[in-house]
1. Considering only residues that are at pLDDT below 85 and outside any strand (DSSP E or B), which ones fall in segment 60-73?
2. Working only within segment 139-156, note down all residues that are in a loop (DSSP other than H, G, I, E, B) and either closer than 15 Å to residue 113 by Cβ or in contact with a Ser or Thr (Cβ under 8 Å, 6 or more places away or on another chain) (or both).
3. Does at least one position in segment 154-170 carry a residue that is buried (at least 16 other Cβ atoms within 10 Å of the Cβ), of a type in the set (D, E, K, R) and at pLDDT 80 or above?
4. Taking the condition of being more than 21 Å from residue 120 (Cβ to Cβ) and either within 17 Å of the chain's Cα centre (by Cα) or not polar (S, T, N, Q) (or both), how many residues in segment 148-167 meet it?
5. Quick one: count up the residues across segment 30-39 that are surrounded by 15 or more Cβ atoms within 10 Å (Cβ to Cβ) and either within 18 Å of residue 102 (Cα to Cα) or of a type in the set (A, V, I, L, M, F, W, C) (or both).
6. Within segment 40-66, restricting attention to residues that are of a type in the set (Asp, Glu) and within 22 Å of residue 111 (Cα to Cα), which residue is surrounded by the most Cβ atoms within 10 Å (Cβ to Cβ)?
7. Taking segment 98-113, which residues are buried (at least 23 other Cβ atoms within 10 Å of the Cβ), of a type in the set (A, V, I, L, M) and modelled with pLDDT under 95?
Amino acid sequence: MSLLKAAAASLVVGLILGAPAYAQISSEGGAIYINSERTESLERERKVLLVGNVDIRQGTARLRADTVTIMFTGQQGDAPGAQGVAAGFGQVESILAEGNVYYVTPELKAKGDRGIYELATDTITMTGNVALMRDRDVAEGQKLRMEVGNRRTTLEGGGGRTRMVIDPESQPQSNR
């Protein structure tokens, strides 16, 4: 479940932008390193845009996308006196990654055309050519919805069908 919690807070920028400490992409915590071709702060809209080859790393987790948009509630959270690019924006409301989205941890890899985390519903939704890989197991479809708190994952095929390959040889001995 560390993937879901990590991805949930994913894409972002807690320590760098001054948001509450729970905004992380890795359950390990620690410094968050963000690289992009351009960073844009839209104060009136309470958004931060990361554009062009966005690469975010924290611990052993990595998120890559063409663009990442972080939307804020406008309500201050647990970080009074926070400083940074988005310190006055409030808590993270949602994080949207678009174009060649990849999320990688030592345990799994996920890819899709678009991914969004919504704090209000505590869900992650990836769409467009979705693949989720753990060891040699692979699941593919068009829409992946992960309800983080409920530990529920749903994969839909869109106009087609979902596909899965489960390799029993890649399962730990205790699970066989």
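The values are calculated or read from the model by the stated rules, or taken from the named source; none is laboratory data. Here the structure is a predicted model, which means the values were calculated and not measured. Cβ placement follows ideal geometry from the backbone for every residue including glycine, while neighbour counts extend to all protein chains displayed.
1. Within segment 60-73, 73 is the sole residue that qualifies.
2. We begin by selecting, within segment 139-156, every residue in a loop (DSSP other than H, G, I, E, B); these are 148-151.
Of everything in segment 139-156, just one residue is in a loop (DSSP other than H, G, I, E, B) and either closer than 15 Å to residue 113 by Cβ or in contact with a Ser or Thr (Cβ under 8 Å, 6 or more places away or on another chain) (or both), namely 148.
3. Scanning segment 154-170, I find no residue that is buried (at least 16 other Cβ atoms within 10 Å of the Cβ), of a type in the set (D, E, K, R) and at pLDDT 80 or above, so the answer is no.
4. 12
5. Applying the first criterion (surrounded by 15 or more Cβ atoms within 10 Å (Cβ to Cβ)) to segment 30-39 yields 32, 34, 36, 39.
Remaining after also requiring either within 18 Å of residue 102 (Cα to Cα) or of a type in the set (A, V, I, L, M, F, W, C) (or both): 32, 34, 36.
The total comes to 3.
6. The qualifying residue surrounded by the most Cβ atoms within 10 Å (Cβ to Cβ) is 66.
7. Correct list: 110 only.
Results for (1) under 16 Å from residue 96 (Cα atoms); (2) in a strand (DSSP E or B); (3) at pLDDT 85 or above, shown as yes or no for each residue.
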site: 21; (1), (2), (3): no, no, no
site: 28; (1), (2), (3): no, no, no
site: 41; (1), (2), (3): yes, yes, yes
site: 57; (1), (2), (3): no, yes, yes
